[in-house]
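S.K.: For reference, the structure I am asking about is given below.
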Amino acid sequence: MDVTLDELLQSRDNRHQRHVDLLAQYPEGTLVSVTMVMPGPVKSNAISLALADKAEAFLQQNQFLQICFLERRDLHTGSEIYFVSRLPLLETKRLCCLIEDRYPLGRLWDFDVIRPDSTPLSRTEIGFDPRRCIICENEPSITCIRARRHTKPDLYARVEQIFNQFKDTPVIYDLGI
């Protein structure tokens, strides 16, 4: 079922409120919000749910993030995973960037590490390059998104290709950290 713009905007507002609530509940931890990269109007489908399953299993099985809280929500607007790490903010962001960059399905996960003021910490703030476009890989993804260089069907086809190629990758994975 297609997600409307109003539903998408409401889900972002709800996610922000969940960030605020979790930051208040876990003031000594580092909050991370994980969403699935799912272009197009359908945000909850077999691939996005399987990606969320894999992300949740990855987080449960790999102890290097020192997770003390984990919650998953499967919504019409897409799956969301929240976790709190015992690690400092910058170290958590570094590890999340490594997951996105080195784990084969990590390209299809979006890890937002949330500051105590409820704003996300960017990759570039800690010395990582912006994420590249999943189709052309020449430009930062935000550049291609803003310029609408690729169609939603092409983007979805690429997500599907990456998922099918790497869906059987074990969740216990050496990121070289």
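S.K.: Based on what the data block shows, is S11 hydroxyl-bearing (S, T, Y) and in contact with a strand residue (DSSP E or B) (Cβ under 6 Å, 6 or more places away or on another chain)? Step through it out loud before you land on a result.
M.R.: Working: hydroxyl-bearing (S, T, Y): yes; in contact with a strand residue (DSSP E or B) (Cβ under 6 Å, 6 or more places away or on another chain): no.
Considered against the rule, which asks whether it is hydroxyl-bearing (S, T, Y) and in contact with a strand residue (DSSP E or B) (Cβ under 6 Å, 6 or more places away or on another chain), S11 comes out as no.
S.K.: I've got another one for you. I'd like the full set of residues that are of a type in the set (F, W, Y) and either on the phi > 0 side of the Ramachandran plot or without any contact (Cβ under 8 Å) to a residue 12 or more places away in the chain (or both), limited to segment 98-143. Spell out how you get there, then give the answer.
M.R.: Here is the first cut: in segment 98-143, the residues of a type in the set (F, W, Y) are 103, 109, 111, 128.
Passing the criteria: none in range.
S.K.: Residues in segment 121-150 that are touching a strand residue (DSSP E or B) at 6+ places or on another chain (Cβ under 6 Å) and exposed (fewer than 15 other Cβ atoms within 10 Å of the Cβ): how many?
M.R.: 1
S.K.: Of the numbered conditions (1) assigned to a loop (DSSP other than H, G, I, E, B); (2) modelled with pLDDT under 90, D129 satisfies every one except a single condition; which is it?
M.R.: Failed condition: (2).
S.K.: Counting only residues that are of a type in the set (A, V, I, L, M, F, W, C) and in a strand (DSSP E or B), which one in segment 22-74 is farthest from Q161 (Cα to Cα)?
M.R.: Step one: filter segment 22-74 for residues of a type in the set (A, V, I, L, M, F, W, C), giving 22-24, 31-32, 34, 36-38, 42, 46-47, 49-52, 55, 57-59, 64-65, 67-70.
So of that shortlist, the ones also in a strand (DSSP E or B) come out as 31-32, 34, 36, 67-70.
Details: L31: 30, V32: 27, V34: 21, M36: 15, I67: 30, C68: 33, F69: 32, L70: 28 Å.
The selected residue is C68.
S.K.: Got at least one residue in segment 70-84 being on the phi > 0 side of the Ramachandran plot and not β-branched (V, I, T)? Break it down stepwise before answering.
M.R.: The initial filter retains those residues of segment 70-84 that are on the phi > 0 side of the Ramachandran plot, namely 78.
From the residues that got through so far, the ones that are not β-branched (V, I, T) too are 78.
Yes, there is a match, as at least one residue in segment 70-84 is on the phi > 0 side of the Ramachandran plot and not β-branched (V, I, T).
S.K.: Name, by its number, the condition in (1) under 25 Å from D21 (Cα atoms); (2) in a loop (DSSP other than H, G, I, E, B); (3) open to solvent by less than 40 Å² (accessible area, probe 1.4 Å) that does not hold for K93.
M.R.: Every listed condition holds for K93 apart from (2).
S.K.: Can I ask one more? Among (1) under 28 Å from D53 (Cβ atoms); (2) surrounded by fewer than 17 Cβ atoms within 10 Å (Cβ to Cβ), there is one condition R107 misses while meeting the rest; what is its number?
M.R.: (2)
S.K.: Follow-up question, since we're still on this one. Identify all residues within segment 141-158 that are closer than 14 Å to P41 by Cα and in contact with a helix residue (DSSP H, G or I) (Cβ under 7 Å, 6 or more places away or on another chain); write none if there are none.
M.R.: Taking segment 141-158 as the starting set, the residues that turn out to be closer than 14 Å to P41 by Cα are 151-157.
Hits for segment 141-158: nothing passes.
S.K.: If I go through segment 40-73 residue by residue, how many of them are under 14 Å from T30 (Cα atoms) and either under 13 Å from the mean Cα position of the chain (by Cα) or buried (at least 16 other Cβ atoms within 10 Å of the Cβ) (or both)?
M.R.: Result for segment 40-73: 2.
S.K.: From the list Y173, Y156, which one is open to solvent by 50 Å² or more (accessible area, probe 1.4 Å) and assigned to a loop (DSSP other than H, G, I, E, B)?
M.R.: Y173
S.K.: Give me the residue from segment 74-89 that is of a type in the set (D, E, K, R) and over 13 Å from the mean Cα position of the chain (by Cα) and, out of that set, most open to solvent (accessible area, probe 1.4 Å).
M.R.: The first filter runs over segment 74-89 and keeps only residues of a type in the set (D, E, K, R), leaving 74, 80, 86.
Those left that are additionally over 13 Å from the mean Cα position of the chain (by Cα): 74, 86.
Working: D74: 84, R86: 147 Å².
So the residue we want is R86.
S.K.: Take segment 61-82 and flag every residue that is more than 23 Å from T124 (Cβ to Cβ), touching a strand residue (DSSP E or B) at 6+ places or on another chain (Cβ under 7 Å) and of a type outside the set (D, E).
M.R.: Of everything in segment 61-82, those that are more than 23 Å from T124 (Cβ to Cβ), touching a strand residue (DSSP E or B) at 6+ places or on another chain (Cβ under 7 Å) and of a type outside the set (D, E) turn out to be Q66, I67, C68, F69, L70, R72, R73, G78, S79, I81, Y82.
The values are calculated or read from the model by the stated rules, or taken from the named source; none is laboratory data. What you see is a predicted model; the values in this text were computed from it and never measured. As a convention, Cβ positions derive from the backbone with ideal geometry for all residues, glycine included, and neighbour counts pool all protein chains shown. These accessible areas exclude ligands, DNA and RNA; they are computed on the full protein's heavy atoms, side chains included. Shrake-Rupley method; radii C 1.70, N 1.55, O 1.52, S 1.80 Å.
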